[in-house]
1. Of all residues in the stretch 201-218, how many are within 20 Å of V280 (Cβ to Cβ) and either surrounded by 16 or more Cβ atoms within 10 Å (Cβ to Cβ) or not assigned by TED's automatic domain parsing to the domain that holds L241 (or both)?
2. Provide a single number: the residues in the stretch 87-100 that are buried (at least 16 other Cβ atoms within 10 Å of the Cβ) and not acidic (D, E).
3. Restricting the first residue to the stretch 361-378 and requiring it to be within 12 Å of G401 (Cα to Cα), which pairs with a second residue that is surrounded by fewer than 16 Cβ atoms within 10 Å (Cβ to Cβ) and not small (G, A, S) meet a Cβ separation below 6 Å and a spacing of at least six or different chains?
4. Of the conditions (1) touching a strand residue (DSSP E or B) at 6+ places or on another chain (Cβ under 7 Å); (2) surrounded by 15 or more Cβ atoms within 10 Å (Cβ to Cβ); (3) under 17 Å from L153 (Cβ atoms); (4) hydrophobic (A, V, I, L, M, F, W, C), M84 fails just one. Which one is it?
5. Could you tell me which of the residues A330, A316 is exposed (fewer than 15 other Cβ atoms within 10 Å of the Cβ), in contact (Cβ under 8 Å) with a residue 40 or more places away in the chain and not polar (S, T, N, Q)?
6. Pick out, from the stretch 265-337, the strands (runs of 3 or more DSSP E) lying fully within it that include 1 or more residues that are under 30 Å from A179 (Cα atoms) and touching a Ser or Thr at 6+ places or on another chain (Cβ under 6 Å).
7. Suppose the filter is of a type in the set (G, A, S) and surrounded by fewer than 15 Cβ atoms within 10 Å (Cβ to Cβ); does A239 pass it?
Amino acid sequence: MTGGRMDIEGMQAELERLRREIKALEQRAQAAEAQAALYQGVFEHLPVPSALYRPDGVLADINLRNREMLAVPSKEAMVGKHNMYEDPVAVAGGYTAHFDRVIRSGECVIMAPTPYNTADAGLERAADRTVWTETRMSPADLGGARYVIGINLDVTDRMRAEKAYQDGAAFVTAILEHAPSAVYVKDLDGCYTLVNRHFERLIGLSREAVLGRADRDVVPSELAERFAQSERQVIATEAPLVMEEQLLLEGRTHCFVTTRFPLLDSRGRLYAVCGIFVEVTESRAAEAEAQRLQREIIRLQAARLRALSTPLLPIARGVVVMPLIGNIDAPRAQQVLEILLEGIVAHQASMVILDVTGVPTIDTQVASALVRTARAVNLLGAQVLLTGIQPAIARTLVELGVDLGGILVRSTLHAGIAYALAPGSGRVSGQARELSSGGAPFTG
């Protein structure tokens, strides 16, 4: 009996011990479950898109941020169903190649930003959009198997911003390269940091030979100093400078309108100077030619007006008439003299009728010019016949005491023409008396 009692007590003690161990195991299992739930919760709510793949490429888990990025409706839609090796987008994007590398070597791999088209990947509820991810793959040895943890950093906004910047830079570069003007940028030390294709042609050097160098290394010293002086002014004033410059290029003078202006950073600090050379050689030549033609037209018009204002009309053999209209100043009086003398020779005239019916006034200077004209005409063997003197002009001539000796006078142009055409008009008769300084009356 004693031995049987001891066996029972031993069994009860062992049972109690087992109960305690079971309880401890249960507690540890609960703690493990709680910890697993905690880890699962942490993984689920990580702010970084994450996924766990089995060695065969099947998705074992995917967190909320990753599902949102890929527009996956639920975890159940992909876990255990999506296989990386069967995803054409993953294969084409190089994801599977990097996955193999991690499985084989156990190395951590960081992929370059890669586009992932969620619609092409067969994600039914995903919008037709491309997501750019920077994927990091790390090995995780779990349960004797090598899993791969993938962290997908969403760099879509960054890639779009970079593309927009690149597109903008390409757009600006295209404008600069195809601009018909020479464009350059220099830093504050005067070294070139940018030149366009037209600038290369302008100075006859490639940009490789120009960039990083100053003017003294690429253009003649006189030109380099002129450029440097202009740029120093822009730097000192931080204001644009527009000027016209002439440059000797390939033995020919070229004319440019140059604009230099400061470049400021986002804080308003000066960091460079930009210059634009617009060639205006042809336009300036065209302007000069237009001005020359305009001067020639004005000269011809003036000559035409002079001819119209002092016409010389041959009315018979040896007789010419010049009707004058309007005021006569010294230049016009000189013109009358020149045309009369040329006309006498050209028409072999012996009688010149000078009609002043349309002349309102005559002063001493003009009267003296008429006297000089008559004398010059006489030297050529011809006679001046003055017609159309108005009473006011006659009174002025008498008051001024102008000596019109040697000039024949008739009251009207008609009377003068009749006299000139009459037989014996070459002689001074009683019908044509000389007007002397004594003031004899005019006759018709």
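1. Number of matching residues: 2.
2. Adding up the residues that qualify gives 7.
3. Final answer for the pair search is T364/L400.
4. (3)
5. When all the criteria are applied, what remains is A316.
6. Ranges flagged: 270-279.
7. yes
Okay, residues lined up against (1) small (G, A, S); (2) within 14 Å of Y184 (Cβ to Cβ):
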| site | (1), (2) |
| --- | --- |
| V210 | no, yes |
| Q233 | no, no |
| L248 | no, no |
| F261 | no, yes |
| S266 | yes, no |
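The values are calculated or read from the model by the stated rules, or taken from the named source; none is laboratory data. This one's a predicted model, so the numbers in the text were calculated from it and none came from an experiment. Here Cβ is always computed from backbone atoms with ideal geometry, including for glycine, and neighbour counts include all displayed protein chains.
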